Each structure stands twice: as structure tokens, then as C-alpha cells.
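Following: one structure in C-alpha cells, then a few remarks.
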């Protein structure tokens with residue numbers, strides 16, 4: 001079995017956002033793979049996803065739609081934060097100059113032994129703690 005990829009929050013959001021159908025199609029395929037065990041996410045990613053749907057989407061998602069989406073994502077392997085992940089996030093801030101919460105993402109990807117982080121928000125091609133960032137939306 002190969003090591004899983006890590007999905008950043010924006011991948012989950014695009015999977016449920018109909019405003020860009022190309023991004024939605026790509027994101028849904030990544031989420032489908034995650035549900036069958038090919039990727040991991042963190043508790044932080046789930047929380048950011050729910051908050052985005054509830055507070056930033058226009059119009060905001062309904063409570064029932066958000067809980068249904070969270071239930072659908074239930075089979076994905078979830079990395080839960082602990083003191084070591086917080087410490088690594090602080091180290092990521094020092095080493096890479098990134099925001100603390102971005103450091104939590106890369107520390108979680110490291111914990112899950114993910115060789116790749118799928119994200120639109122990080123620097124594509126950059127490697128953090130052994131996980132290389134790729135932007136699935138910039139590929140043909």
C-alpha cells in the first residue's frame with residue numbers, strides 16, 4: 001500500500017462549491033479517492049471546511065447540508081492534533097515562514113506520512129517536512 005496524499009481545506013470546499021465546475025470535478029475526484037483510503041485530512045481541515053460552508057459561501061450552506069457533507073467525508077483517515085503537531089507547526093513557522101495554521105497542515109501531513117499535499121493555497125513544488133505541494137487545478 002502506498003502512503004496517502006493529504007488534502008488541504010480548499011480541495012473539500014471546491015468539491016462542494018458549484019461556482020467553478022472544472023475545479024469541482026477535479027476536487028470531487030480527489031475526495032472520492034480520499035474516501036476509499038488514498039488520502040488523509042486533519043481535524044483542522046474538517047473544521048475549516050464546515051466554517052467555510054456555513055460562513056463564507058454565498059449563499060451559506062444549510063446546517064443539514066453541512067452535516068450531510070461531513071458524514072460523507074467520515075471514511076477519510078483523519079489526523080487529530082496533539083502537542084507534537086502543535087510543536088511541529090511552530091517549527092514550520094520558523095523554518096518556512098508560514099502562518100501557524102498552515103504549519104498545522106504540513107505537520108499533519110507529515111504525521112500521516114503523506115508524500116504529497118494537494119492544495120491551491122500553498123506554493124506548488126515546495127516541500128515541507130517531506131511532503132511536496134501540488135496544485136491539482138493548475139495541471140492539464
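The values are calculated or read from the model by the stated rules, or taken from the named source; none is laboratory data. Everything numeric here is computed off the predicted structure, so don't read it as measured data. Neighbour counts run over all protein chains shown; Cβ positions are idealised from the backbone, glycine included.
Descriptive notes on the structure:
- Number of positions in region 17-43 that are farther than 28 Å from residue 89 by Cα, touching a residue at least 24 places away in the same chain (Cβ under 8 Å) and surrounded by 14 or more Cβ atoms within 10 Å (Cβ to Cβ): 3
- Residue check, residue 46 out of contact with any strand residue (DSSP E or B) (no Cβ under 9 Å at 6 or more places or on another chain), under 19 Å from residue 15 (Cβ atoms), surrounded by fewer than 21 Cβ atoms within 10 Å (Cβ to Cβ) and in contact (Cβ under 8 Å) with a residue 12 or more places away in the chain: no
- Filter result for residue 89 (without any contact (Cβ under 8 Å) to a residue 24 or more places away in the chain, within 23 Å of residue 128 (Cβ to Cβ) and surrounded by 21 or more Cβ atoms within 10 Å (Cβ to Cβ)): yes
- Which numbered condition residue 74 misses (of (1) closer than 22 Å to residue 113 by Cβ; (2) more than 11 Å from the chain's Cα centre (by Cα); (3) surrounded by fewer than 20 Cβ atoms within 10 Å (Cβ to Cβ); (4) touching a residue at least 12 places away in the same chain (Cβ under 8 Å)): (4)
- Contact map, region 105-130: first residue on the phi > 0 side of the Ramachandran plot, second residue buried (at least 18 other Cβ atoms within 10 Å of the Cβ) and outside any strand (DSSP E or B), Cβ cut-off under 8 Å, separation 6 or more or different chains; pairs are 113/4; 129/88; 129/92; 129/106; 129/107; 129/109; 129/110; 130/110.
- Entry remark, region 5-36: residues being in a loop (DSSP other than H, G, I, E, B) and modelled with pLDDT under 95 number 4 in total.
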